[in-house]
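Data block below; observations after.
All of the numbers you see were taken from the coordinates with simple rules; none came from a lab. Please read these numbers as outputs of a predicted model, since none were measured by experiment. Glycine gets a Cβ as well: all are built from the backbone with ideal geometry, and neighbour counts include every protein chain shown.
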Amino acid sequence: MVPTSYYIILSAALFAIGVLGVLIRRNALVVFMSVELMLNAANLVLVAFARERLSIDGQVLVFFVITVAAAEVAVGLALLVAIFRTKHTTDVDEVSTLRG
Amino acid sequence: MDNFPILSLILWLPALGALGLLLVPRENAELARRVALIVALLTFLVSLALPFGYNAAPGDATTMHFVENLPWLPMFGASYSLGIDGVSLWLVLLTTFLLPIVILSTWDSVHTQVRNFQILMLLLATAMIGVFISLDLLLFYIFWEFTLIPMTLLIGIWGGSNRIYAARKFFLYTFSGSVLMLVAIIGLYVLHRDALAASQPGYAGSFNFSTILANLRSGALQLDTTVERLLFGAFFLAFAIKVPLWPFHTWLPDAHVEAPTAGSVILAGVLLKLGSYGLIRFNLSLFPEASRWAAPAVAILAVIGIIYGAIVAFAQSDMKKLVAYSSVSHMGFIVLGIFALNPEGVSGAILQSINHGLSTGALFLIVGVLYERRHTRDMAEYGGIWKVMPIYAGITLLVALSSAGLPGLNGFIGEYTIMQGAFLAPELSWPFLSFAVLGVVLAAVYLLRMYQNVFMGDLRNLKNQELSDLNLRELATLTALCVPIIALGLYPAFAFGPMQASVGETLAGIVTAVAGR
Amino acid sequence: MDFVLFFITAAVALIGAIAMLVARNAVHSALFLLLNFAAIAVLFLLLQSPFLFAIQFTVYAGAIMVLFLFVVMLLGAERVEDTPDRIPWQRPLAFVLGVALVAVAVAGVLRGVWEEPPGGEAAAAFGDPAQLGALLFTDYLLPFQVTGIILLIAVVGVAVLNQRGRAAPAARRTPTGE
Amino acid sequence: MESLQIPPVDLRLLTPLLIVVGWASALLLIDVFFVPNGRKKITGYLAMAGLAVAGLAGIPLWNVSGSTFSGMLVLDRYSLALTWIFLIAGALSIAVALDYLPRHEIEQGEYYPLIMFAVGGMILMAQSADLITLFLGIELLSITLYILTGFAYPRVASEEAGIKYLVLGAFAAGFFVYGIALIFGATGTTSLAGIADYLSRQPFAPQDETLFLVGASLVLIGFGFKIALVPFHMWTPDVYEGSPTPVAAFMSVGTKGAALAALLRVTLAMEAARDFWLPLLAVLAAATMIIGNLGALGQSNLKRMLAYSSIGHAGYILLGIMVAAERGAEAFLFYMLAYTLTNLGAFGVLIALEQRGEAAWSIDDFAGLYQRRPMLAVAMALFMFSLAGVPPTAGFMGKFFVFTAAYAGGLGWLVLIGVITSAIAAYYYLRVVVKMFMQEPVRDVRPELTRGLNTEILIAGVATLILGLLPTPIVLLVEQSLVALGG
């Protein structure tokens, strides 16, 4: 068996990449993907811990995380589509974006 | 009569009146003024029972009188706790006395939104009385802070051209000053609670002034020197800003100049006294060691304030500004008296607080009389007013002399006692006395100069020829103020009487501290 | 054998992640992420989680990523606008924070155990999907129900956010902001 | 295959939650099938009725406490008190939305059940005794709010706020989940009781300790985003500004309140690791109080100002949480209630001024309000003074309780920062009062007051005063509500 530590390091790296993606990418979709990567990293480490402790609770948690992530993605993409359609149908000049 | 909650009655009458005013239609200014006046007079009449019942009230001479105690926040040991002693007695009376006068003056000086003005004035009265009679630190703080809201609105809505700036400055200065006091109150509470919880497990603590004081004196609560000085400082800052002590005074001229006449009167007459009262009640009693430690420095600030206020007042051409700066000077006297830390100084300070309330209040009214007629306060616009307004000029002379400290009038007694106190205080003595004397001289100079410019000489300005003398209301208000000005000058013992024991009690800690070294 | 498989999949996962991060084209990003998810699914299998392996493939790699691709294509990758970067100092701050966190995490792990997870009979029986299913309906009944509600809300939300698009926008347009 | 043994479930313990969520689900259907378009207010009233019933159903539970669903959910007085606060927040948010939505032509019946779902999420968070249920509660609340934030079609700002909120919320969820994962790795459990038990069995292996501490930090970051603690606050002003105002009002009190409530439980469970998280939280609280209030200073947009002010207030509330044992929990509950009522009141006034076609969020629109609508101006002044912490208002009492608790808990320096930032805050709150009372109207704004708004503002105003003058009954209630919540 591969020791748990290997998985932890791998997932930490993936998590870090995800965080970086959120912070440095400016494309909303890619940012969104990076968040998914972070969640996946968490899932990976959960499964690894579950295996180490022979406790299936970790796997159950992953199940929930995946479900919630799916819901989040659905809403997020719906919002993106809505923005696209709004901007598409209204005059672009009139659309005021949030001020800083 | 023993258990009649007379203090609560005095406290809440104005607030109830304010509530009642809500029923008055907004447009009906006359009715609003009358209702407010009746309420104010009623409050004053009730408060008259205080000095007469004072000695008969339960409790020996050194403790609080007319005490009321109701649980309020039992989990913190905070209570609705009221009471007065010789220190606060006259200040309460000053407030209730000035209130009807101020309201009477609004007939001539407030012309817009009269009803709301009266509501705020009455609320302010409740808050100010509350500050003087609260024995619970938390309750005290609440009243203390609440005075800000009505006063800010009074300045900001009915004030002069620069009123917004003045209102904002007033609020922010005083609010910033007092938040540290809140920390100090909390700190004192926690220290007290923890100290007593050692012997009484589960003790909820107390915000009661008398309780905390008793435990401080008995040694049940001992403050570390540094802690005591920090607490002292936090309280002191709040009060020094309110007084205002130089160099915290900068809000005062703005507030005074912009405030409507009635607002200025109440500001000078009572609101500043909240500061001097706080210094006596809390700083001196609770932190005697720190008071002694800080006294020389504070006295220096006070003296600077006396001289600075006088000099700046001298340079003013705007009469209201002149009176405002004279307040800085006079309040310096009061602080000097307080930090003489002896019975003479403190008694003088209390009396001078009353005097200043009467004289300066009257001076603001006097300035207001002219302003209502001519809409200017520039001295250069006037001259020879004596000829057209003789009664007015006569009263003004009396008030100005009282403010300048002419023997035979109230101001003299107060300033003399303070100077005596300063002289007797070992840390202060000669140098401070001489500066104080200089302050008195300067006061005479700038007040008489104003008098000369405005009233004496020829009627240079043609616009002034048509000026009418005081109307009945103005006469009534000013005469009412002159009565105590003369009475206190002739028979100050009446005021000093109830004060003695309480001042002694206040200074007990300091005396012990002296004896202990 | 395990190790070889692990290192290969781990490398694929990392490459997928990094490539997603640096790809300029959102379609490419999505595809690389898909690769990463697939690799993670394989790792799940290595960790005796066949059920999660299936879910990872169907839900994540299948449904979610397809949805992503669909939206990317619908909007056109180049049309998806950049999220504006308003407060400049926050980005470096957040960056430092993120790096610090990862550093802490790695440092913590490096102090950790290197021994293998337990083996034996219990381990052999571990990861049976039936076990997981049973847990979902016993100990985890409440969270299970809550996820159901969350999904319901998501469905409602998608409908709410997009149904009003049907109304003629020109007639309902209002000036926005100030 | 053996049959499943479902552990005993005591549904009584989650009556309010069940009513809220169940009624919300039913309302979705009722709204579609029975409520005609244009009369969606009916749905709103039905939703408020549901919240009221849930509140009433909670009363008999006052003397009940226990846990169910394998210990994942607890009911104690603490959660019940919070439940009531959340129900009030939800009901008031619906009350202000009743007129807002049609006026802005964004009325959709789903709004009301969605608010109810969000309230359900908050209740779930308050009752959670397990990190998993806590996570799901947060998500239930958050996903609902993402939708509500982007509700104001066709205002792009609203949709952009929605996506911004969602991305940051998901980002936070990532931290949260990773934190849970590490804590699970260290302790082998996700239940708060299990974690507390594990921590009390010190010393434990250093590698586990590191995992745990990193995990706890990550969870803290997740909370930080939800509560909008500095430096995780940057989304708040934009999101508030973009959202429909009733939603912003709800978020300002709801998300924060629920997340803080959950944070309190988590910190209590990690009492043994106090030395670790206390300094972290202290720094966060200090930064939050300072940056939040300083940020509000420069805002001329009232909505953004209230957003920054809500950040600052989170800092004050955090003080109470840090010293939960020193009556800080009481202070927290009281402050929450006071802040909820005051802030919802302030937002109510904002909504009254906000008209179709023009978003009257500029502070200039408040100029001379006193001359047009004296009572509205007085109410707003009351809310501003309460937020500033000037007596005799609920806000002052809340600050007093929190500061006293923090001082007694040895956090004197934070109290000092607290009062100094309060003084700073007074400046911008006062500005609104000055505008309303002392200046002439700048723009022709005609505040529209309808029954729903009137009631909401009245309730909030009266409560703000009563809580400031006679807080004793509420404090006693709050005190009792913490009986079972031993540290």
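Annotations
- For the protein assembly as shown, adding -39500 (n - 2.57) for each run of n ≥ 4 DSSP H residues and dividing by the number of residues yields -24500 deg cm²/dmol at 222 nm.
- Other protein chain Cβ atoms within 10 Å, averaged over every residue that makes up D:417-428: 4
- Packing order of peptides B:90-96, D:344-350, C:31-37, highest average first: D:344-350, B:90-96, C:31-37 (average count of other Cβ atoms within 10 Å over each peptide's residues).
- Cα gyration tensor category, rounded, prolate or oblate, for segment C:1-79 with a/c compared to 1.5: oblate
- Note on B:I311 and B:A204: their simple-model spin labels are 5.5 nm apart, each label 7 Å out from Cα toward Cβ.
- Taking packing as the residue-averaged number of other Cβ atoms within 10 angstrom, the listed peptides B:125-132, D:191-198, B:215-222, B:78-85 run from highest to lowest as B:125-132, B:78-85, D:191-198, B:215-222.
- Around B:I119: net Lys/Arg minus Asp/Glu count, Cβ-Cβ under 15 Å: +3
- Distance histogram in 20 Å bins (all Cα pairs of chain D, percent per bin): 25, 59, 15, 1
- Across segment D:414-430, coupling constants 3J(HN,Hα) worked out from phi with the 6.51/-1.76/1.60 Karplus curve, θ = phi - 60°, read 5, 4, 4, 4, x, 6, 5, 5, 4, 5, 5, 4, 3, 4, 7, 5, 4 Hz, and Gly and Pro carry x.
- Selection among B:V346, D:I88, A:V73 by position relative to the dipole of the protein assembly as shown gives B:V346 as farthest towards the positive end (Cβ unit charges, Cα centre).
- For the peptides B:486-498, B:201-213, D:168-180, D:299-311, the ranking by packing is D:168-180, D:299-311, B:201-213, B:486-498, with the highest mean count of neighbouring Cβ atoms within 10 Å listed first.
- Distance between modelled label sites at B:M75 and B:D458, nm, 7 Å Cα→Cβ extension: 7.8 nm
- Anisotropy class of segment A:4-90 from Cα gyration tensor, a/c 1.5 cut: oblate
- Ordering A:L14, A:N40, A:L29 by Cα displacement along the dipole of chain A toward the positive end leaves A:L14 in first place; charges were set at the Cβ atoms of Lys, Arg (+1) and Asp, Glu (-1).
- Signed unit charges on C-beta, dipole axis of the protein assembly as shown, positive-most listed residue B:L272, B:L73, D:L141: B:L272
- Note on D:100-107: average number of Cβ atoms from other chains within 10 Å of each residue's Cβ is 1.
- FRET E, pair C:M73, B:S161, Förster distance 60 Å, beta-carbon r, rounded to 0.05: 0.35
- Local electrostatic count, D:V253, Cβ distance below 14 Å [Lys/Arg +1, Asp/Glu -1]: +1
- Dipole magnitude of the protein assembly as shown about its Cα centre (Cβ charges: Lys, Arg +1; Asp, Glu -1), debye to nearest 20: 2420 debye
- Degrees separating the helix B:29-54 axis from the principal Cα axis of chain B, which is the longest one: 50 degrees
- Point-to-point label distance, C:V66-C:V4, nm (Cα→Cβ direction, 7 Å offset): 3.4 nm
- Degrees between helix D:15-34 axis and first principal axis of chain D (Cα, 0 to 90, nearest 10): 50 degrees
- Residue mean of other protein chain beta carbons inside 10 Å, D:137-148: 6
- Remark: chain B carries a charge dipole of roughly 780 debye about the Cα centre, counting +1 on each Lys and Arg Cβ and -1 on each Asp and Glu Cβ.
- Charge dipole (debye, nearest 20) of chain D; +1 at Cβ of Lys and Arg, -1 at Cβ of Asp and Glu: 880 debye
- The slack in the chain from B:A197 to B:R449, taken as 0.36 nm per residue of separation less the alpha-carbon distance, amounts to 84.6 nm.
- Applying 1/(1 + (r/R0)^6) with R0 = 60 Å to the Cβ-Cβ distance of B:L472 and D:L278 gives a FRET efficiency near 0.30.
- Calculated from backbone phi, Karplus (6.51, -1.76, 1.60) coupling profile of segment C:126-141 in Hz, x at Gly/Pro: 6, x, 5, x, 4, 4, 5, x, 4, 4, 4, 9, 10, 4, 9, 4
- Here, P(r) means the percent of Cα pairs in each 20 Å bin from 0 to the largest distance; for the protein assembly as shown it is 11, 36, 30, 18, 6, 0.
- In this structure, the amide hydrogen of B:N208, modeled 1.01 Å from its nitrogen in the peptide plane, lies closer than 5 angstrom to those of B:L137, counting only residues at least 5 positions away or on a different chain.
- Once the C-beta distance of D:D444 and D:L56 is scaled by a Förster radius of 51 Å, the resulting FRET efficiency is 0.70 to the nearest 0.05.
- Acute angle (nearest 10 degrees) that the helix A:4-24 long axis makes with the longest principal axis of chain A, alpha-carbon atoms: 10 degrees
- Lysine-lysine proximity count for chain D, Cα under 25 Å, sequence distance 8 or more or distinct chains: 10
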